[in-house]
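The structure appears right after this line, and notes come after that.
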Amino acid sequence: MFDTRTGMQISLRRVAAFLLVALLISACVCALAACDDKNGQSEEERRVAALASFDANVLAAFNDVWTPDMPREEVVTLTDCGSYVETSLWLDLVGEVLSASSLQTAKIELLAEFAASEDGKGLVRDAADNLSAALDLINAVGFTSSDVQDLGFGLLRSVTENIAALYRSAEEELTALLSYVVGTGRSDVNAALERVERVLATDFADAETVAAAVAALDEAEGGIKTLLGFVYDTERTFGGGTAGDNLGSLLEGLSSGALADISETEMFVWLDSLVRSIEEFGADMTAETTAGIKTAIQSVQACFDGFTQPVDVVDEALEWLTYIGAFADELPVLADYAVAALDVLYERDGNGEYTHSFIRKLKSYAAEEDDALRELNAYILAAGLMSSFADGVGAEELKVEVDAVAASGDSTKRLALYLGAMLGTAATGTPLVITEDDYAAMGVEVFYRVFETAFDNAYRDYVLDPEEYENRVRSWAGIVINYVGSMNAILEERGEAAVPLNVTNRDEITADWHDAIMTAAEEVSERVSADTGDGSLPEKAAAEIKAQIDALYSDGLDDIRALAAEDLITDADSEAAERVRTTVASNPALYIFAMLLAL
């Protein structure tokens, strides 16, 4: 795809991406004891100097003529003055988070030095496009969970509390800059100012809503930090890279033969530590804790609903929070499920010794280069995990959880139910208990979510660059409006009133126009999914999934357990390979399980 963003947009997105990465880098520099005195400076003076150095070095990495606190008469001579203004304000926000954090001053000093290095400058310039590489670097230099918890929470709190003020400050500064420039030079400043004004014209929460969100975050601080630490530790265990310091690195090295001598015991240690951390995490996620996390995330979402977040990385983080918020109350159960599946690691022989059978298969799978064999062997690994899961989690327990998800009323959970029912039905070729019409209605709902996301993203792009994205946002608006019309037809067939929508995709593009389309689409989706006498659509999806669970536990597990006991396939044309194909064809749940594992 061609990158049609303006230079300023790309620069700003890279700025924000680096700032987020920089917080992590600052958390992962090797632990150094803080000194009471260095070159005659007090600890406070050292900290102030380190933050100032970080600020200057990051600015210089983006543009070697950028310096902190440039006079306005110099700022207006920059071809990208808008980028400079916004970057400076973001650095102020990050600097405040760093300053208030428990991060050692020595780490901030090393962070500033890193930003001035050639590697650091490259990361500053390329962070938006190379975040995975940046994470590899972060992992390589060391990462403490407690630092990530502290800085991650601080950043979330600060962005929620200060993002609107940040862009109001940008508006004020750019307005002031207009008096320092005349003639054609005003066009650059005006373009930057108009962009910020469009962002501010979108809906951010009022002061009362923001205050409530900050209070909810503070109330749930412990739980959110635990969640951040767990997510980081899990990523570190399964992370990529070639440093050889995590499971992902070990498997990557095995695939090339570089780490072929890694023992099964060493791999067991990695996986065992993961299981223990999952168990601990599940125990920490009490009902009170998950309720606090859910409330806090929903409060943050209420602040950003309708607001065009200009920074890609922040926007993605908020999207991630949407899913965490939806499934926060399921976290303890999901942790139990993961532990049950991973119990396959603890298989013992007749003498009570660990067999390490699954780990041997995992090593061989990682080293396999033939795609056909990898696909077949992925099902054998999935069968091992699935058998272990079924041994630890009964069918009735699963069905109770499915009913709870269906009864939650959450739109994200509803979508997950539809996808689950549809995947199982697609694998079998026909629904087990629901009608074809119900299946089609679920499909329409899933497509709507795709359309809704595309329209929302197109509108965000339009706010940041109207000239470039007007046609795209109008096209997606038309698709969503047509969806509303189709769903209204279903409501009218039921004898219900249609959801009113009095805009078209040719009307003036404003925040109210966008909100009217999104509100109508959400309402019509909710009403079509509602109970019409024979159960709501989520209840029907749950019934289909429960039927799939019954089929698996009554008919499919013996075949799956037999597959789990197979050695890995070495010949794609062998009888053993054909047994794998036959088992997968007759057990769609295994296919879905392997797909979800992305093996």
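Miscellaneous remarks
- Ascending count of other beta-carbon atoms within 10 Å, so fewest first, for Met285, Met422: Met422, Met285
- Arranged from fewest to most other beta-carbon atoms within 10 Å of their beta carbon, Trp320, Trp90, Trp270 become Trp320, Trp270, Trp90.
- As a rough guide to protection, the peptides 402-415, 75-88 ranked by mean Cβ packing within 10 Å, highest first, stand as 75-88, 402-415.
- Just so you know, the averaged projected area of the alpha carbon convex hull for segment 523-599 sits at 7.3 nm².
- For segment 264-279, 3J(HN,Hα) per residue [Karplus equation, 6.51 cos²θ - 1.76 cosθ + 1.60, θ = phi - 60°, Hz, x = Gly/Pro]: 5, 5, 5, 5, 4, 4, 4, 5, 5, 5, 5, 4, 5, 5, 5, 4
- Cα centroid separation, segment 199-213 to segment 548-581 (Å): 54
- Listed residue pairs exceeding 22 Å between alpha carbons, taken from Lys294/Lys413; Lys225/Lys363; Lys225/Lys413: Lys225/Lys363; Lys225/Lys413
- Low-density loop positions, GluC sites (Glu not before Pro), segment 431-501 - DSSP coil, at most 14 other Cβ in 10 Å: Glu496
- ³J(HN,Hα) computed for each position of segment 479-487 - Karplus, 6.51 cos²θ - 1.76 cosθ + 1.60, integer Hz, glycine/proline x: 5, 5, 4, 5, 4, 4, x, 5, 5
- Note on Val275 and Val450: the extension gain reaches 59.6 nm, defined as 0.36 nm multiplied by sequence separation minus the Cα-Cα distance.
- Of the peptides 499-506, 437-444, 153-160, the order by per-residue mean of other Cβ atoms within 10 Å, starting with the highest, comes out as 153-160, 437-444, 499-506.
- Partner lysines for Lys121 [C-alpha distance under 19 Å; skip if fewer than 8 residues away on the same chain]: Lys107
- Ranking of Glu368, Glu219 by count of other Cβ atoms within 10 Å, fewest first: Glu219, Glu368
- Reachable lysines, given that their alpha-carbon falls under 29 Å from the alpha-carbon of Lys361 and they are not under 8 places away in the same chain: none
- Cα centroid of segment 393-411 to Cα centroid of segment 325-375, whole Å: 24
All of the numbers you see were taken from the coordinates with simple rules; none came from a lab. In this text, all values refer to a predicted model and were calculated from it rather than measured experimentally. Don't worry about glycine lacking a Cβ; one is built from the backbone with ideal geometry, like all the others, and counts go over all protein chains shown.
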